[in-house]
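Here's the structure we're looking at; comments come further down.
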Amino acid sequence: MGRRHHSIIAKLNRNTKQRKSLFRIQLRQLIELGSITTTVAKAKVIKRLFDKLAAKASNGTLASRRLVAADLGNPKIANRLVDLIIPTMGGRRSGFTSIQKVGIRKGDSTSTASLTLVAPLPATPVKAAKVVKEVAKKESVIEKVKKVIKK
């Protein structure tokens, strides 16, 4: 197996494992929060990787979910991408994110950019049963405190 010549992914002064870990973490944050602020060089790489990931996720099949989960390292975030984010993008084949330059970082004078999803991030659905259990748990704790105070 030979080397892939003319590889254009920036090395960012990191070894392979550090670089892959950095990209995985930033992709997770982008999916969870909808936007991240990072350096321009990192934002350009993350944009390319997210487009490839979104193209994989657009099928919505179990196999594509597993491929995305393997790339992200977290099945919950992969499901969020497939179930919530990709349907809001419409029929897009690429261009899921946009980069806007923010300014210059004070510490090392590096230009920073904001990487944002093009479509607005949908609200995460909250399971009603979970909310009911949490409210019941809080009420039972309050009742126990009242009993202790009465004694």
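What do you reckon, is K101 of a type in the set (K, R), out of contact with any Pro (no Cβ under 6 Å at 6 or more places or on another chain) and free of Cβ contacts under 8 Å to residues at least 60 places away in the same chain? Break it down stepwise before answering.
Values: of a type in the set (K, R): yes; out of contact with any Pro (no Cβ under 6 Å at 6 or more places or on another chain): yes; free of Cβ contacts under 8 Å to residues at least 60 places away in the same chain: no.
Considered against the rule, which asks whether it is of a type in the set (K, R), out of contact with any Pro (no Cβ under 6 Å at 6 or more places or on another chain) and free of Cβ contacts under 8 Å to residues at least 60 places away in the same chain, K101 comes out as no.
Suppose we keep only residues that are surrounded by 11 or more Cβ atoms within 10 Å (Cβ to Cβ) and more than 16 Å from R28 (Cα to Cα) within the range 62-93. Which one would you say is modelled with the lowest pLDDT?
Out of the qualifying residues, it is R92.
Suppose we keep only residues that are outside any helix (DSSP H, G or I) and of a type in the set (S, T, Y) within the range 45-104. Which one would you say is farthest from the chain's Cα centre (by Cα)? Even if it seems obvious, please write down each step before you answer.
The first filter runs over the range 45-104 and keeps only residues outside any helix (DSSP H, G or I), leaving 58-61, 73-74, 89-104.
Restricting the remaining residues to those that are of a type in the set (S, T, Y) gives 58, 61, 94, 97-98.
Working: S58: 16, T61: 20, S94: 17, T97: 12, S98: 15 Å.
Once the filter is applied, the top-ranked residue is T61.
Would the range 31-42 turn up any residue that is polar (S, T, N, Q), under 27 Å from K101 (Cα atoms) and either touching a His at 6+ places or on another chain (Cβ under 7 Å) or loosely packed, with under 12 Cβ neighbours inside 10 Å (or both)?
So in the range 31-42, the residues polar (S, T, N, Q) come out as 35, 37-39.
Filter once more, keeping what is under 27 Å from K101 (Cα atoms): 35, 37-39.
When the remaining residues are screened for being either touching a His at 6+ places or on another chain (Cβ under 7 Å) or loosely packed, with under 12 Cβ neighbours inside 10 Å (or both), the result is none.
Taking every residue of the range 31-42 in turn, none turns out to be polar (S, T, N, Q), under 27 Å from K101 (Cα atoms) and either touching a His at 6+ places or on another chain (Cβ under 7 Å) or loosely packed, with under 12 Cβ neighbours inside 10 Å (or both).
Determine, yes or no, whether A10 is under 22 Å from A57 (Cα atoms) and either out of contact with any Leu (no Cβ under 8 Å at 6 or more places or on another chain) or not acidic (D, E) (or both).
Numbers: under 22 Å from A57 (Cα atoms): no; either out of contact with any Leu (no Cβ under 8 Å at 6 or more places or on another chain) or not acidic (D, E) (or both): yes.
The answer is no for A10.
Residues in the range 25-44 that are under 11 Å from the mean Cα position of the chain (by Cα), under 19 Å from A10 (Cα atoms) and not in a helix (DSSP H, G or I): how many?
1
Tell me, please, whether a residue that is farther than 22 Å from A119 by Cβ and either within 15 Å of the chain's Cα centre (by Cα) or charged (D, E, K, R) (or both) can be found in the range 1-9. Show your work before the answer.
Looking only at the range 1-9, we keep the residues that are farther than 22 Å from A119 by Cβ, and these are 1-9.
Going one step further and asking which of them are either within 15 Å of the chain's Cα centre (by Cα) or charged (D, E, K, R) (or both), we end up with 3-4.
Looking for residues that are farther than 22 Å from A119 by Cβ and either within 15 Å of the chain's Cα centre (by Cα) or charged (D, E, K, R) (or both), one finds at least one in the range 1-9, hence yes.
Condition check ((1) at pLDDT 95 or above; (2) closer than 19 Å to K76 by Cα) across all residues:
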{"position": "R3", "(1), (2)": "no, no"}
{"position": "A10", "(1), (2)": "no, no"}
{"position": "R14", "(1), (2)": "no, no"}
{"position": "R28", "(1), (2)": "yes, yes"}
{"position": "T37", "(1), (2)": "yes, no"}
{"position": "K42", "(1), (2)": "yes, no"}
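So, in the range 1-24, how many residues would count as being part of a helix (DSSP H, G or I) and of a type in the set (G, A, S)?
Of the range 1-24, the ones part of a helix (DSSP H, G or I) are 16-24.
Right, trim to of a type in the set (G, A, S) and you get 21.
Residues that pass the stated criteria total 1.
The values are calculated or read from the model by the stated rules, or taken from the named source; none is laboratory data. Keep in mind that what you see is a predicted model, and the values were worked out from it rather than measured. Every residue, glycine as well, gets a Cβ built from its backbone with ideal geometry; the counts of neighbours run over all protein chains shown.
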